[in-house]
Amino acid sequence: MQRTRVSHRLNAWVRHHRLSAADSLRRVLERPTASLLTWLVVGIALALPVSLALSMDNLRALGGRVDSQAQLSVFLRPAVDAVAGQALAEELGQRADIATATFRSREEALEEFRARSGFSDVLGGLEDNPLPHLLLVVPRDPAQAAALAAEIGALATVDEVILDLAWLERLRRLTELGARLVLVAALLLAAGVLLVLGNTIRLAVEGRREEIEVTRLVGASDAFVRRPFLYSGLWYGIGGGVVAALLVAAVFAALRGPVAQLAAAYGADWRLAGLGLIDAFGLVLAGGALGLIAAWLAVGRHLRLDPRG
Amino acid sequence: MITFERVSKRFEGGHDALRDVSFEIGADELVFLTGHSGAGKTTLLRLVMLLEQPTRGRVLVNGRDLSRVARRGIPAHRREVGVVFQNHRLLFDRSVFDNVALPLYIAGYDHREVGKRVRAALDKVGLLRHERAMPLTLSGGEQQRVGIARAVVGRPPVLLADEPTGNLDPALSAEIMTLFEDFSRVGVTVLIASHDLALISRLRHRIITLREGRLMGAPA
Ligand SMILES: Nc1ncnc2c1ncn2[C@@H]1O[C@H](COP(=O)(O)OP(=O)(O)O)[C@@H](O)[C@H]1O
Ligand SMILES: [Mg+2]
């Protein structure tokens, strides 16, 4: 007896979930233009922060790669000749805190600059080589690079030390700031999605006010009344998530070629990382969750029919 | 089955819709509730449906003190009280069948059981051949009978009706009242609010009269 009652109620519950899900989906699909618009709005709002976040990830990955090969460019004074430069390189190379110190003569530097920059014609017209001799110093510990740069910069033969970490540091700060901005944008846009979906659900509730009231009069629980609207929210949210995943995939597919070319121009073997399958799935889930929350909030305010709160 | 113990209802703004109302209705009774417009009939029925709470006094249905019913328990209580409304309150976006089936879907019956019970209820009110029709294609009397079928389809022990014949001509009204008498005969407690004195005085049932929220014939 007890068991049949419990299983009866469980069956009824499952049945109503199935009915609500199907009925809500039918209502969503019955008005394709309006629903598509809702999906697009939600999709764009979700795609924006996700694209930004992905870009930040890519930048961070790029920073990480360069970070590990942090190096000092040590420019020697013009008076210092190649032999002295070579000697200094060897001397520095002996030090425990320096991994490698490579001498690069001004001629080599010019050659390389020509090849890389594509300014060979302009440079070819120069009579004098404007570049000084250069040492490339890689510290063992990138964290010590700044101290090392100061120490080497104080040598009499050294004109200037450029620490590549400076722009790395800037990049790191920028990505940190970017991550903050992405978070703020994501929160704002999520709030926007909640408002848009909440309003959509609210209109649906208004349109079915009489139905809601009658179902309650003949004994429907809050959960029963809420259920179809929760499913509507879920369908709108999931649809928006799918749109967002497609948008992000499209944007990154369009960027992949140009970025690869850009990277090749800098001699870097670096490729843009897009949205993985699991991330895409997560995005759809996030959309669904937002839809559920929006529907819950929107319906909650319309369930005040009974005398006891 | 339905007991009012010194029930008063004061609305916000100070209007007393019911004052010190006490009565008892037995399980196998059919009782008419009458009185002028504004006398408090609808308010009294709404107390039984738990759409309102009394300001003072107690309402008991089937031995249960309604003031003890928690918000969670209200839906279950409403499933035990069938209600027929004056303006039917049918849902016009679905068929007669689906309108009548609504309480059963809410109560969680499966498809086969729903079909059986809906057809039995429609048969009882003489509308079986209209099960696929949309409510708007039916006459006022037929719509009201759909409303009655919906109220009884879940076989509630208590049946309330608020001016069920308000918009119908005398012949149709008499027919509807006969239906209620049939339900009463099979053990349903029936309480019908109506100000159609000519009709209800011809039927031999107890009549409770309200005047400005007070029970007539009760000690003042
Ligand atoms: N929600 C309400 N707020 C304030 N006054 C109400 C409310 N509902 C009913 N009333 C008042 O209570 C009195 C009784 O109303 P009602 O029970 O509808 O009477 P009847 O159904 O007998 O015509 C009327 O004066 C009506 O204006
Ligand atoms: Mg009334």
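In the range B:183-204, how many are exposed (fewer than 15 other Cβ atoms within 10 Å of the Cβ) and either more than 16 Å from ligand 1 (Cβ to nearest atom) or without any contact (Cβ under 8 Å) to a residue 40 or more places away in the chain (or both)? Don't jump to the end; show me each part of the working.
At the first step, the residues of the range B:183-204 found to be exposed (fewer than 15 other Cβ atoms within 10 Å of the Cβ) are B:185-187, B:197-198, B:201-202, B:204.
From what is left, the residues that are either more than 16 Å from ligand 1 (Cβ to nearest atom) or without any contact (Cβ under 8 Å) to a residue 40 or more places away in the chain (or both) are B:185-187, B:198, B:201-202, B:204.
Total satisfying the criteria: 7.
Listed here are the residues, each with its yes/no results for (1) part of a helix (DSSP H, G or I); (2) buried (at least 19 other Cβ atoms within 10 Å of the Cβ); (3) in contact with a Cys (Cβ under 6 Å, 6 or more places away or on another chain).
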position: A:Glu176; (1), (2), (3): yes, no, no
position: A:Leu181; (1), (2), (3): yes, no, no
position: A:Ala185; (1), (2), (3): yes, no, no
position: A:Ala190; (1), (2), (3): yes, no, no
position: A:Ala204; (1), (2), (3): yes, yes, no
position: A:Ala220; (1), (2), (3): no, yes, no
position: A:Gly240; (1), (2), (3): yes, yes, no
Task: Within the range B:1-16, considering residues that are more than 14 Å from every other protein chain (Cβ to nearest Cβ) and more than 15 Å from B:Ala39 (Cα to Cα), the one farthest from ligand 1 (Cβ to nearest atom) - done: B:Met1
Task: Within the range B:1-112, strands (runs of 3 or more DSSP E) holding 1 or more residues that are open to solvent by 20 Å² or more (accessible area, probe 1.4 Å) and more than 16 Å from ligand 2 (Cβ to nearest atom) - done: B:2-10, B:16-25, B:56-61
Open item on the list: Of the residues A:Pro49, A:Pro32, only one is away from every other protein chain (no Cβ under 14 Å) and surrounded by 19 or more Cβ atoms within 10 Å (Cβ to Cβ); which?
Closed with: A:Pro49
Open item on the list: What's the total number of residues in the range B:153-174 that are open to solvent by less than 10 Å² (accessible area, probe 1.4 Å), part of a strand (DSSP E or B) and either in contact with a helix residue (DSSP H, G or I) (Cβ under 7 Å, 6 or more places away or on another chain) or within 15 Å of ligand 1 (Cβ to nearest atom) (or both)?
Closed with: 3
Task: Lone qualifier among B:Ser194, B:Ser201 - being assigned by TED's automatic domain parsing to the domain that holds B:Val31, of a type in the set (S, T, N, Q) and within 16 Å of ligand 2 (Cβ to nearest atom) - done: B:Ser194
Open item on the list: Yes or no: the range A:241-263 includes at least one residue that is over 30 Å from B:Phe85 (Cα atoms) and of a type in the set (Lys, Arg).
Closed with: yes
TODO: Select from the range B:124-153 the residues that are more than 20 Å from the chain's Cα centre (by Cα) and free of Cβ contacts under 8 Å to residues at least 24 places away in the same chain and write down the one among them that is farthest from the other protein chains (Cβ to nearest Cβ).
DONE: B:Arg129
Task: Index of the failed condition, B:Ala70 passing every other in (1) among the small types (Gly, Ala, Ser); (2) within 14 Å of chain A (Cβ to nearest Cβ); (3) within 27 Å of B:Val186 (Cα to Cα) - done: (3)
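Taking the conditions exactly as written (closer than 30 Å to A:Leu37 by Cα, open to solvent by less than 50 Å² (accessible area, probe 1.4 Å), out of contact with any Leu (no Cβ under 6 Å at 6 or more places or on another chain) and of a type in the set (D, E, K, R)), does A:Arg208 satisfy them or not? Before you say what the answer is, go through the steps one by one.
Numbers: closer than 30 Å to A:Leu37 by Cα: yes; open to solvent by less than 50 Å² (accessible area, probe 1.4 Å): yes; out of contact with any Leu (no Cβ under 6 Å at 6 or more places or on another chain): yes; of a type in the set (D, E, K, R): yes.
Spelling it out, A:Arg208 is indeed closer than 30 Å to A:Leu37 by Cα, open to solvent by less than 50 Å² (accessible area, probe 1.4 Å), out of contact with any Leu (no Cβ under 6 Å at 6 or more places or on another chain) and of a type in the set (D, E, K, R).
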Open item on the list: If A:Leu234 meets every condition in (1) in contact with a Lys or Arg (Cβ under 6 Å, 6 or more places away or on another chain); (2) more than 14 Å from every other protein chain (Cβ to nearest Cβ) apart from one, which number is that one?
Closed with: (1)
- [ ] Look through B:Ile25, B:Ile74 and report the one residue that is over 17 Å from B:Leu159 (Cβ atoms), hydrophobic (A, V, I, L, M, F, W, C) and either away from ligand 1 (no atom under 16 Å from the Cβ) or modelled with pLDDT of 95 or more (or both).
- [x] B:Ile74
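The values are calculated or read from the model by the stated rules, or taken from the named source; none is laboratory data. Note that the structure is a prediction, hence the values are computed from the model and not measured. Methodologically, a virtual Cβ is constructed for each residue, glycine included, from the backbone with ideal geometry; neighbour enumeration extends over all protein chains shown. In case anyone asks, the SASA skips ligands and DNA or RNA and just uses the protein heavy atoms, side chains included. Shrake-Rupley method; radii C 1.70, N 1.55, O 1.52, S 1.80 Å.
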